[in-house]
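Novice: Handing you a structure now.
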Amino acid sequence: MRGEPRARTPEDRTPLKLSTPKTKAAGIPAVTSSLMHGLKKMGVVKTARTLRMVNQKEGFDCPGCAWPDPEHRTAFEFCENGAKAVADEAMKANVTPEFFAKHSVQELAEMSDYQLNSFGRIASPVLLEEGSSHYAKISWDEAFDRISTHLKNTVSPDRSVFYTSGRTSNEAAFLYQAFVRAYGTNNMPDCSNMCHESSGKGLGKTIGIGKGTVSLDDFNHADVIMVIGQNPGTNHPRMLTALRDAKERGSRIIHINPLPEAGLTRFKHPQDYMKGNMKTTTLADIHLPVRIGGDAALMKGLIKHQLDAGAIDQTFIDEKTEGFEAMIQHVETIEWNSIVSDSGLTESQIKEAGAMLAKSSATIACWAMGLTQHRNGVGVIQEVVNLLLMNGHVGRPGAGFCPVRGHSNVQGDRTVGIWEAPTEAFLERMEEGLGFPMPHTHGYDVVHAIQAMLDGKVDVFFCMGGNFLSAAPDTDRTAIALQNIGLTVQVSTKLNRSHLITGKEAIILPCLGRTEVDEQSSGQQFVTVENSMGQVHRSVGGLPPASIDLRSEPWIVARMAEATLGNQPLPWMNLVENYDEIRSLMARSLNGFENYNAKVRAPHGFALPNPPRDSQSFATPSGKAHFTVHELPNVSIQPGQYVLMTMRSHDQYNTTIYGLHDRYRGVHGHRRVLFMNADDMVERGWKTRQSVSITSHFNGETRHSDQWLVVPYEIPRGNLAAYFPEANSLVPLHSTAELSNTPTSKWIVCTLSSMDDSHLEEE
């Protein structure tokens with residue numbers, strides 16, 4: 001019989017070692033870390049072969065971040081975390097049916113996320129039958145028979161949910177959405193719902209496109225680059241090269257983040273050593289340690305300073321925008337004492353950054369989860385839009401908006417149709433291209449999908465990649481939701497916690513990775529991806545598959561579609577014999593994809609249309625960019641409360657744990673760490689490694705998590721930080737951003753209480 005597996009990551013019992021946080025990123029330590037990780041996972045020969053294919057024109061797109069590739073690429077076009085992602089996917093170890101026979105689901109659930117990931121690639125399809133304690137091998141045919149039976153037996157297509165991870169290729173995602181809509185639902189939540197949905201909503205309403213407006217070349221022409229709520233040194237390391245190059249050309253960089261981050265302090269490109277260049281580059285000219293939730297107030301202050309300095313482009317405002325007068329009238333009512341109080345910064349700090357912006361003829365604003373995962377996530381992004389529109393910083397060299405995406409193709413997935421709330425125009429074009437009617441009722445996003453599962457409204461949950469349980473908020477409630485389903489299916493490369501917290505019946509379908517050769521009946525295939533700046537290019541795997549029983553994601557989608565719908569309304573299996581056939585359908589069905597097969601074979605791919613960037617035009621109802629008005633959010637908390645934000649460690653990408661170290665922050669061997677201001681610790685009478693319990697508070701509900709070790713860190717008073725997925729159990733399911741419904745993982749109101757002192761040690 002199946003026991004009750006653990007949903008949360010087990011408490012960490014490994015010793016916590018601390019060192020002084022780093023003030024320099026990359027350099028020799030990054031090279032050493034990359035090589036050691038590769039050698040450990042892949043061996044010497046495979047490491048050398050594989051890393052030379054990453055992000056090359058005839059190689060594969062890194063399975064890590066979505067930062068664009070430069071036109072002139074080096075022989076080693078990858079970063080430390082990219083190397084880890086590749087080694088992790090291409091590792092030699094396999095999770096075989098014999099492994100599953102040896103280890104029960106309950107036993108595996110007692111292991112850490114790091115341990116689960118270390119077992120290697122899943123080698124064969126497996127089934128966890130209702131009541132069983134172990135997964136067992138299953139054939140591909142039987143797997144699809146079971147899946148199609150469940151899908152056919154639902155009362156309504158809307159009782160099925162189809163989740164997508166950001167690593168899914170354009171071809172797989174397009175075919176997937178075509179099947180889901182042919183099946184009869186728009187229930188397509190994806191990882192964007194939990195990260196950049198606020199960016200899409202905020203930009204779409206103001207500039208008419210839910211994407212950024214800059215190209216990589218714009219960084220070569222910027223006077224000022226703002227990096228807001230983002231840690232590129234860990235999460236987007238190749239971005240540091242662009243920032244370094246910009247800095248050497250004279251750009252100024254403003255870093256806005258509650259924590260100082262090594263990557264924005266000093267940076268040393270590893271390849272500089274080969275050129276005899278031993279110096280490091282100071283990146284951030286100004287670091288503004290804004291209080292968590294204080295970004296909106298800071299933006300108001302920067303806007304006020306631009307008005308006082310007369311730093312506006314009146315011609316651009318008059319010809320290209322609307323709503324300016326209402327915006328400035330509102331800003332003028334905001335007092336500096338409110339801005340200072342809410343932001344946690346001094347007026348002089350804000351005006352110093354404001355003066356830099358006032359002198360800039362070309363400004364780029366970059367941001368990530370530090371802005372999007374707040375209650376006012378959409379509003380604060382629109383404040384960034386207000387700031388840049390004032391001086392016409394869009395649609396000219398060196399200027400524009402740059403939401404920095406995490407997964408390697410998360411933006412592409414949305415572009416090709418992974419969207420629970422598609423517009424009528426999008427659906428009409430898709431219907432015209434594919435030749436069949438589609439559902440027009442909006443489906444579930446991530447939060448609504450979890451609630452629907454809790455309410456008993458979901459029979460089948462299909463995951464195209466990712467680790468849904470660990471990525472989603474409110475771990476305990478999400479676990480209950482998943483266990484309430486008849487069938488859960490995971491298309492995966494590696495073992496993760498979502499394979500252990502399942503529906504009554506569960507299937508794992510192992511797929512090819514980005515690094516591997518994809519051979520179909522017509523020969524070797526390539527897939528395409530869209531980077532963070534709207535450039536679409538090829539990705540070609542070069543390694544033999546980890547197991548002969550792996551299948552490509554497009555093949556898996558097509559086989560499921562055929563088993564469920566037959567050979568209608570598309571010839572599903574014929575399409576995957578040659579992926580050019582899928583791309584031909586995309587060319588007919590998607591704006592900007594005309595002549596797709598030819599354009600994507602160009603050396604650097606091609607850029608999708610982007611009206612604000614291409615012509616300073618805006619696809620809004622009025623044809624103009626919109627200034628917006630937002631009240632300051634309420635960032636007050638009760639005495640004794642703190643605000644917690646979740647974040648990644650350096651040895652981590654999204655929910656995948658590569659190691660147990662956070663080298664830049666000086667944390668080693670332990671992940672249940674709570675970063676806290678040293679003065680707040682003194683006030684509580686706590687020492688380093690004090691063991692505490694965290695309780696989050698939302699709408700009268702509480703959530704608890706024990707055994708966190710306090711570490712003093714440079715973070716504003718009243719603020720805390722902890723790693724996810726461990727801290728996700730504290731994020732309330734319905735604490736979400738207005739309009740985007742993104743979980744507020746950067747604003748968790750909590751209290752702390754001391755546990756035992758067993759972990760206290762002297763330095």
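Rule-based calculations on the coordinates, nothing more; no lab input. On a predicted model such as this, the values are computed, not experimentally measured, just so you know. All Cβ positions, even for glycine, are placed from backbone atoms using ideal geometry, and neighbour counts span all protein chains on display.
Novice: Is there a pair in Lys201/Lys351; Lys17/Lys494; Lys84/Lys494; Lys351/Lys746; Lys102/Lys137 whose C-alpha atoms are over 18 Å apart, and which pairs would that be?
Specialist: Details: Lys201/Lys351 29 Å; Lys17/Lys494 29 Å; Lys84/Lys494 14 Å; Lys351/Lys746 26 Å; Lys102/Lys137 13 Å.
Table pairs above 18 Å Cα-Cα are Lys201/Lys351; Lys17/Lys494; Lys351/Lys746.
Novice: Can you pull out the GluC sites (Glu not before Pro) in the range 130-196 that DSSP calls coil and that have at most 12 other Cβ atoms within 10 Å?
Specialist: Numbers: sites: Glu130, Glu142, Glu171; in loops: Glu130.
Qualifying residues, ordered by number: Glu130.
Novice: Could you give the size of the charge dipole of the range 197-404 about its Cα centre, using +1 on the Cβ of each K and R and -1 on the Cβ of each D and E, expressed in debye and rounded to the nearest 20? Can you show the working numbers first?
Specialist: On the way: 20 positive and 22 negative charges, 165 e Å.
In debye, rounded to 20, the range 197-404 gives about 800.
Novice: For the range 332-437, report the translational diffusion coefficient in µm²/s to the nearest whole number, using Stokes-Einstein at 25 °C, 0.890 mPa s, and a Kirkwood Rh over Cα pairs. Each step should come with its number before you reach the end.
Specialist: Values: Rh = 17.2 Å.
Roughly 143 µm²/s, to the nearest whole number.
Novice: Which of the GluC sites (Glu not before Pro) found in the range 561-670 are loop residues per DSSP with 12 or fewer other Cβ atoms within 10 Å of their Cβ?
Specialist: Numbers: sites: Glu562, Glu577, Glu581, Glu594, Glu631; in loops: Glu577, Glu594, Glu631.
Answer by residue number: Glu594, Glu631.
Novice: Can I ask one more? What's the center-to-center distance, using Cα atoms, between the range 217-231 and the range 424-461 in Å?
Specialist: 36 Å
Novice: Only Lys, Arg, Asp and Glu count, each charged at its Cβ (+1, +1, -1, -1), so figure out the dipole size of the chain about its Cα centre, rounded to 20 debye.
Specialist: Working: 73 positive and 85 negative charges, 352 e Å.
Roughly 1700 debye for the chain.
Novice: For the chain, give me the percentage of DSSP beta bridges that are antiparallel, rounded to the nearest 5 percent.
Specialist: Working: 41 of 93 bridges.
Within the chain, antiparallel bridges account for around 45 percent of the total.
Novice: Using only DSSP helix segments of four residues or longer, with each worth -39500 (n - 2.57), what per-residue ellipticity at 222 nm results for the chain after dividing by its residue count and rounding to 500?
Specialist: Helix contribution divided over all residues of the chain: -9500 deg cm²/dmol.
Novice: Can you tell which of Gly370, Ser341, Gly210 lies farthest toward the positive end of the dipole of the chain, using +1 and -1 charges on the Cβ of basic and acidic side chains (Lys, Arg; Asp, Glu)?
Specialist: In the chain, that residue is Gly370.
Novice: Just how many % of Cα pairs in the range 551-617 lie over 13 Å apart, if you round to the nearest whole percent? If you can, show how the numbers build up before the last one.
Specialist: Values: 1546 of 2211 pairs.
Distances greater than 13 Å cover 70 percent of the Cα pairs.
Novice: How far apart, in nm, are two points set 7 Å out from the Cα along the Cα-to-Cβ line at Thr20 and at Thr751?
Specialist: Placing both labels 7 Å along Cα→Cβ, they lie 3.9 nm apart.
Novice: Continuing with the same structure: In vacuum, with every alpha carbon of the chain counted as one equal point scatterer, what does the Debye formula give for log10 I(q)/I(0) at q = 0.07, 0.11 Å⁻¹? Two decimals, please.
Specialist: These q points yield log10 I(q)/I(0) values of -0.46, -1.26.
Novice: May I ask you to list the GluC sites (Glu not before Pro) in the range 329-400 that are in a DSSP loop and have at most 11 other Cβ atoms within 10 Å of their Cβ?
Specialist: Listed in order of number, the matching sites are Glu335.
Novice: Taking every DSSP beta bridge with both residues inside the range 197-404, roughly what % is antiparallel (nearest 5)?
Specialist: On the way: 2 of 19 bridges.
Beta bridges within the range 197-404, antiparallel portion: roughly 10 percent.
Novice: Cα-Cα pairs above 18 Å in the range 642-754: how many percent?
Specialist: On the way: 3103 of 6328 pairs.
Beyond 18 Å sits 49 percent of the P(r) for the range 642-754.
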